[in-house]
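A.B. asks: Pasting a structure below so you can have a look.
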Amino acid sequence: MIVPDIMPLLEVNNIGKRFGGLQAVKDVSFSVQRGTIKAVIGPNGAGKTTLFNLVSGFLPSDTGTITFRDTAIHGKEPHQIAGLGLSRTFQHIRLFSHMTALENVMVGRHVKGRAGFLAGMLGLPGTRREDQAHRDRALEVMDLLGIAAFADTDATSLSYGQQRVVELARALATEPAMLLLDEPAAGLNMRETADMAKLIMKIRDRGITVLIVEHDMSLVMNISDEIVVLSYGEKIADDMPLAVQQNPHVIRVYLGEDDA
Amino acid sequence: MFLELFFQYLVAGLTYGTIYAIVGIGFNIIYNTTGIINFAQGEFVMLGGMTAVSLYAFLPLPLAILGAVIITMAVGGLIEMVFIRWLVKPSVLRMIIITIGISILVREAGLVLWGEGVRSLPYFTGNEISALSFGGVRVSPQVLWSLGVCAIVVVLLNLFFKFTMLGREMRACAANRDAATLCGIPTRNMITLSFVLSAGIGALAGCVVSPITQTQYAIGSGLAIKGFTVAILGGLGNSMAAVAAGFILGILESFSIWVMPTAYKDAISISLLLAMLFLRPSGLFGNREAFKLKDF
Amino acid sequence: MLRVHNLSAGYGSLHVLRRLSLHVKPGEIVTIIGANGAGKSTLLRTITGLLRASSGEVLFKGEDIQRIPPEQVVFRGCSLVPEGRQVFAAMPVRENLLLGAYVQHKRGKRDEVAHDLDRVFGLFPVLRQREHQLAGTLSGGEQQMLAIGRALMARPTLIMLDEPSMGLAPLIVKDIFHIIAKIRDEGCTVLLVEQNARSALKIANRGYVLETGRIILEGDAGDLLANREIQRAYLGKDLDGENK
Amino acid sequence: MRTGRHFHILILLAAVVAVQLLTLVAGKGFYLTQFTMTAYYSLIIIGLCLLMGYAGQISLGHAGFFAIGGYTSAVLTTVDLSAYKGSALTGILIKLSLLTGRQDLYGGQMLSFHPWAACVVAVILTVIIAYAIGVPVLKLKGHYLAMATLGFGTIIYSVVLGTQKFGAADGISSVPAFPLLPGLVVSGAPGLRVQNFYIAWGLVACGMLLLLNLIDSRVGRALRSIHGAEDAANAMGVDTARYKLNTFVLSAVFAAVAGVFLTHFNGGIGPSEASIMKSVRYVAIVAVGGMASLWGTLIMSAALNFLSLRGYFGSFDDAVFGGVLVLIMLFSPEGILQFDARTMVKKLFQRA
């Protein structure tokens, strides 16, 4: 018997992806422990978003394996992976237009529901009760993140920062074991970024493991338990924040040729 | 006897193949510069044929054809300027619906102008019964005309795109509109030009095949589907491949009459289209690398 | 030469630039540094007119170029090397460069094109070797050189570069920046938008720091390089800082 | 929200009653025939609205599904099996009362399928075909999807046009009435006009209620999320492929049911019902109604179909739909109810 707590929640093994002539991700391996925040950083074009898309099933990998909650998830469809408890946000916000913020978050409840086409069309009392329960749960999540006031506003008419939080709420509403955040601070100002950092830690404290891709070093350094550094698709470091900051290889990659 | 029949079908297939090919090329020219599939493409063929017939009443044949081509080009340009030019990043769905609407309007205009009658131009040389004989196979001279015109159109288009500055600018606009703008190229004019060009060759095709296949106000939508099939078959955006695909489709259709009721002819080509879409949307001749470095 | 005044722009309801002002003087390299999503590319797209500003003005040589279509901006002598290079992949290198000379053709200076071609090949000898190769088959660095070369073919007086270092290996980045400095020395003014703050600041005369659509800091490139805040946020030099 | 939905359905029913009373008072009872046909066309159109406006998938082949429903029912209820009366299979079918005897035009006895049996077969056949077509077709997007569905529609059209069994260009006539329930008969008989008017609009009301319920359910939100941002929907655990497929099939069933009923009401069906122009017309009305607005679509469908069926557009019938399509898409792509003259004028001035 293996003690489950020692097993990492997510384990990525020798994953690789090639686009035409470009090896976007090459033999990357890392693991994420339960209840931690792990960050992936690297210069533009280092393969961070590709890595994210591989983990969340948006891209098929060429090589390697990905294990989540002891289940192999490489080759699975994104919705199947979401159903297993791995939820993600997008670098460029993708809220559902023509739907209210609450409805957006309720889509996050999709994996927890059962009602199909027939039940939906007939609108029987049982179905309605189920729907109401999801509505309440979605509102709870929005309340937690402080956006309950915008529940009935059309999601795409909210401010950029608010939209980011709605997207986060939507991902949280799936009650994931793990959350993938793709540049959650992109386009946010300093204050909004600080708020976002607090939110992410709040989420971690509720027992949800976080994997985050981010450019904003101040955010990453402040909240991460561990950091993976990518450069040209390869992993060049995987360590605690302080060790990563002092890693000469990392410094060189981030600063270009440091001949000064 | 068998061989003779075989060749008769082959020739018929080639004739239809040329018109499909040209409609397919028309699709490609507009698709390449705009990313739009112009559902009204078949209407250009109809307009060309019908206008030429009308002009022929008081003009000699070559002038009637020239006039029809020029008028259709003007209509093509006008359509672009009125309906397409000022739309800011329209969705694909919106463009599909708009071009379908345009095709209906053009067709109905054709109905009002020319009625439901079926018309045709006379044979360019000879007449219905004069035929050239190739080892027992009788070939109408008009078939040679249409093959010849198709060949000339393809060659000229290629020369235009390859060797003229304007052609190069259109290709640049097709490859990357923003980058073309950054070179100072007025991309909007290039798009109008692509409509003019594709209307022109559609009209020419309509004139050339009209003596054989005849023209009527409603032929456009059928041709559009065939042309699209050809464009997909060859790989969307690839004009040379569209020609080959046009002949394949024409010949296939022609031989299908041999074994099946004529009414199913359309079903054959559309089944082919569906099969292509499902199995190999990059086209028979397109490969993945070429799909990436998309060009004419 | 270029003066941006109170410029606001964005996509739909999303405001990317907020009342942003800056200027570029003839003969300088001015760099704009900032994180992803700060609005750097949006700024350049708005200056060239690919994107329409919601308010504010862009004066190029005293003329408000917000009022004219983007292709005309190129005729005025302001060229952009777009982010991600955007070369015409299915065309040979030579044709790419000749398309860049479109403006010169229209200006009626056809005879100068051959000379310009030589000049670009002089700056980027590797392009001469690849003259008849399809641009899409070039390496990332070569494509970047081609994109810069294409812009130079228009004989711009101001060349704007959007993240020329993106996705390139450090050695090639060094080459590219070297050439950018050379372009300035030949008399062309440069507006350089970069994430690679250190390399950019090293060759620049002045710099602006862009954050969430606003300029939060501006000054001499040397001063910015030495600025602790900048070092922390953009140069990753938190190494001996307060964290310990 | 829920009460609002029921309230709207009540308004619809009230409007239906009002129309009937008005025609009665005005002595234009014959208008009800066109209103009844309008109802059946509206049934297709609200189904298509679900597919286009909510799931975001275009179909230029819905007339094909209408024809599959109509023709299946027409063939099965007009086929004469009396020659096989002795066979065991026919015997079983008679026992199950799937077959009924009736008199043909010349007074001879004929044995054919009961309309209910035909209707069920038509729906099952439609479901099978819609699934078979939908699986590959819905993998496509944009132009490809449009062309593939257009191709499907064209195939159905050329098959019904080219097959003798389907009456070729003449179509199938003398389709019997459809006894729905004792006392309720779908038929074009002048004496049953009022009854049929209510049957048809009752069916539309039921359809609307089902669809409105659906849109505000878990499935409906999933559909709308697909339209909004497909990959994000997928990331939220929505099996986008399956939902698109099911919606396609559901809307096909709406079209097929409309086909069955209208065929029995008209007493026949012809190939023009399967034509591409019909499919385009359905798309046009959905677009005019505002894509993602069931009520807008229904109102536009009622108005345009009725006017068209009464012949108000004369020989410009198709041109009207083409023109409407272009104008709406150019000036008010969110549908005619969203048309905002002020911004439009402003835009035009900005261009100038």
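A.B. asks: Taking a probe of 1.4 angstrom, what is the accessible area of D:Val159 in Å², to the nearest 10?
C.D. replies: About 50 Å², rounded to the nearest 10.
A.B. asks: Would you pull out the residues with amide H under 5 Å of D:Leu99's amide H, same chain only if 5 or more places away, H placed 1.01 Å from N?
C.D. replies: Amide H neighbours of D:Leu99, under 5 Å, 5+ apart: D:Ile94, D:His114.
A.B. asks: Just list whichever of A:Lys202/C:Lys40; A:Lys76/A:Lys235; A:Lys17/A:Lys202; A:Lys112/D:Lys244 have alpha carbons separated by over 26 Å in the model shown.
C.D. replies: A:Lys202/C:Lys40; A:Lys17/A:Lys202
A.B. asks: Still on this model: Could you list which residues have their amide H under 5 Å from that of A:Ile236, counting only those 5 or more apart in sequence or on another chain, with H placed in the peptide plane?
C.D. replies: So A:Ile236 has HN proximity to A:Val229, A:Leu230, A:Ser231.
A.B. asks: Quick one: among D:Ala222, D:Ala117, D:Ala287, which has the greatest mean-square fluctuation in a GNM of chain D with alpha-carbon springs under 10 angstrom?
C.D. replies: D:Ala117
A.B. asks: Please give the average number of partner chain Cβ atoms lying within 10 Å of the Cβ of each residue in D:48-61, rounded to a whole number.
C.D. replies: Per residue, the average neighbour count from other chains is 1.
A.B. asks: Would you mind giving the mean number of other chain beta-carbons within 10 Å of the Cβ of each residue in A:111-121, as a whole number?
C.D. replies: Rounded to a whole number, the mean comes out at 6.
A.B. asks: Determine the dipole magnitude for segment A:137-260: charges of +1 sit on the beta-carbon of Lys and Arg, -1 on that of Asp and Glu, nothing else is charged, the reference point is the Cα centre, and the result goes in debye to the nearest 20.
C.D. replies: Rounded to the nearest 20 debye, it is 360 debye.
A.B. asks: Counting only complete DSSP H runs, which helices of chain B cover 20 Å or more along their long axis at the Cα atoms and score a mean Kyte-Doolittle of 0.0 or above?
C.D. replies: B:2-34, B:41-56, B:61-79, B:92-114, B:141-163, B:187-213, B:219-234, B:239-259, B:265-279
A.B. asks: Order B:175-181, D:41-47 from most to least packed using the mean count of other Cβ atoms within 10 Å.
C.D. replies: D:41-47, B:175-181
A.B. asks: With everything on Cα atoms, drop me the angle between helix D:218-228 and the longest principal axis of chain D, reported from 0 to 90° to the nearest 10.
C.D. replies: With both axes taken from Cα atoms, the answer is about 50 degrees.
A.B. asks: Along the charge dipole of chain D, pointing to its positive end and built from +1/-1 on Cβ of Lys, Arg, Asp and Glu, which listed residue (D:Leu89, D:Leu250, D:Ala15) has its Cα farthest out?
C.D. replies: Projecting each Cα onto the dipole axis, the largest value belongs to D:Ala15.
A.B. asks: Taking the Cα centre of segment A:97-174 as origin and charging only Cβ (+1 Lys, Arg; -1 Asp, Glu), how large is the dipole, in debye to the nearest 20?
C.D. replies: Charge dipole of segment A:97-174: 280 debye, to the nearest 20.
A.B. asks: Right, another one. A:Asp62: net charge of surrounding residues, Cβ under 13 Å, Lys/Arg +1, Asp/Glu -1, itself excluded?
C.D. replies: +2
A.B. asks: Just tell me how shielded C:102-109 is by partners: mean number of partner chain Cβ atoms within 10 Å of each residue's Cβ, no decimals.
C.D. replies: 3
A.B. asks: Rounded to the nearest 10 degrees, what's the angle between the helix D:2-26 long axis and the longest principal axis of chain D, both from Cα atoms, 0 to 90?
C.D. replies: Computed tilt is about 60 degrees.
A.B. asks: Check cross-link reach from D:Lys165 to the lysines: straight Cα distance under 24 Å, and skip same-chain residues fewer than eight apart.
C.D. replies: Cross-link targets: B:Lys265, D:Lys85, D:Lys278.
A.B. asks: Once label points are set 7 Å from the Cα along Cα→Cβ at both B:Leu156 and A:Ser31, what is their separation, rounded to one decimal in nm?
C.D. replies: With each label placed 7 Å out from Cα toward Cβ, I get 7.1 nm.
A.B. asks: Using +1 at the C-beta of Lys and Arg and -1 at the C-beta of Asp and Glu, which of B:Ile268, B:Ser198, B:Val143 has the Cα lying farthest in the positive direction of the dipole of chain B?
C.D. replies: B:Ser198
A.B. asks: Anyone know which of C:Leu127, C:Leu217, C:Leu192 comes out most mobile in the 10 Å Cα GNM of chain C?
C.D. replies: Per the Cα network of chain C with a 10 Å cutoff, C:Leu217 tops the list.
A.B. asks: Let me ask something else. 5 Å is the cut-off here: which amide hydrogens, built 1.01 Å from N in the peptide plane, fall below it relative to C:Ile215, excluding neighbours closer than 5 in sequence?
C.D. replies: Answer set, sorted by chain and number: C:Ser21.
A.B. asks: Mind listing the phi-derived Karplus ³J(HN,Hα) values for segment D:328-336, rounded to whole Hz, using 6.51, -1.76 and 1.60 with θ = phi - 60°, and x for any glycine or proline?
C.D. replies: 5, 5, 6, 9, 8, x, 8, x, 5
A.B. asks: Can you tell me the dipole magnitude for segment D:2-286 around its Cα centre, using point charges on the Cβ only (Lys, Arg +1; Asp, Glu -1), in Debye to the nearest 20?
C.D. replies: Roughly 360 debye, rounded to the nearest 20.
A.B. asks: Can you tell me the relative contact order of chain C? Whole percent, Cα pairs under 8 Å, sequence separation 6 or more.
C.D. replies: 27
A.B. asks: Which value at 222 nm does the protein assembly as shown reach when only helices count, each DSSP H run of 4 or more adding -39,500 (n - 2.57), with the total divided by all residues and rounded to the nearest 500 deg cm²/dmol?
C.D. replies: Taken over the protein assembly as shown, the calculation gives -18000 deg cm²/dmol.
A.B. asks: Further question on the same structure: How do A:Arg18, C:Arg150, C:Arg130 rank by accessible surface area computed with a 1.4 Å probe, from largest to smallest?
C.D. replies: Largest accessible area first, the residues go A:Arg18, C:Arg130, C:Arg150.
A.B. asks: While we're on this one: With every protein chain present, what accessible area does C:Glu95 have (1.4 Å probe, heavy atoms only), rounded to the nearest 10 Å²?
C.D. replies: 30
A.B. asks: Taking the mean number of other Cβ atoms within 10 Å as a proxy for protection, how do you rank B:202-212, A:85-95 from highest to lowest?
C.D. replies: B:202-212, A:85-95
A.B. asks: Sticking with this one: Normalised by the residues of chain B, what does the relative contact order come to in percent, with Cα pairs under 8 Å and at least six apart?
C.D. replies: 38
A.B. asks: With θ taken as phi - 60° and the coefficients 6.51, -1.76 and 1.60, list the Karplus ³J(HN,Hα) couplings across segment A:227-240 in order, rounded to whole Hz; mark glycine and proline as x.
C.D. replies: So the Karplus estimates, Gly and Pro as x, are 10, 9, 10, 10, 8, 6, x, 10, 7, 10, 7, 7, 7, 5 Hz.
A.B. asks: Of A:Arg109, D:Arg102, which has the most accessible area and how do the rest follow, probe 1.4 Å?
C.D. replies: D:Arg102, A:Arg109
A.B. asks: So if R0 is 51 Å, what FRET efficiency would C:Lys25 and B:Arg280 give, r being the distance between their Cβ atoms, rounded to the nearest 0.05?
C.D. replies: 0.35
A.B. asks: What is the Cα centroid distance between segment D:231-270 and segment B:83-113, reported in whole angstrom?
C.D. replies: Cα centroid of segment D:231-270 versus Cα centroid of segment B:83-113: 27 Å apart.
A.B. asks: Something else now. Would you please give the FRET efficiency between B:Phe6 and C:Lys106, computed as 1/(1 + (r/R0)^6) with r the Cβ-Cβ distance and R0 = 56 Å, to the nearest 0.05?
C.D. replies: According to the calculation, E is roughly 0.50.
A.B. asks: Follow-up. Specify which residue in the list D:Thr126, C:Val81, B:Leu166 is farthest towards the positive end of the charge dipole of the protein assembly as shown, using unit charges on the beta carbon of Lys, Arg (+1) and Asp, Glu (-1), about the Cα centre.
C.D. replies: Ranked along the dipole, the leading option is D:Thr126.
A.B. asks: Arrange the peptides D:311-318, B:26-33 so that the one whose residues have, on average, the most other Cβ atoms within 10 Å appears first.
C.D. replies: Put in order of decreasing packing, that is B:26-33, D:311-318.
A.B. asks: Please give every one of the lysines within straight-line cross-link reach of C:Lys174, meaning a C-alpha to C-alpha distance under 18 Å, and leave out same-chain neighbours fewer than 8 residues apart.
C.D. replies: C:Lys182, C:Lys202
A.B. asks: Something else: Per residue of segment A:126-136, what does 6.51 cos²θ - 1.76 cosθ + 1.60 with θ = phi - 60° give for ³J(HN,Hα)? Whole Hz please, x for Gly and Pro, Karplus curve as stated.
C.D. replies: With coefficients 6.51, -1.76 and 1.60, one gets x, 5, 5, 5, 4, 4, 5, 4, 5, 4, 4 Hz.
A.B. asks: Tell me, what % of the accessible area of segment D:2-286 is carbon and sulfur with a 1.4 angstrom probe?
C.D. replies: With neighbouring chains kept in place, the figure for segment D:2-286 is 70 percent.
The values are calculated or read from the model by the stated rules, or taken from the named source; none is laboratory data. Treat the numbers as computed from the prediction; the structure is a model and nothing was measured. Counting neighbours? That spans all protein chains shown, and the Cβs are built from the backbone with ideal geometry, glycine included. These area figures cover heavy atoms from the full protein model, side chains too; ligands, DNA and RNA do not enter into them. Shrake-Rupley method; radii C 1.70, N 1.55, O 1.52, S 1.80 Å.
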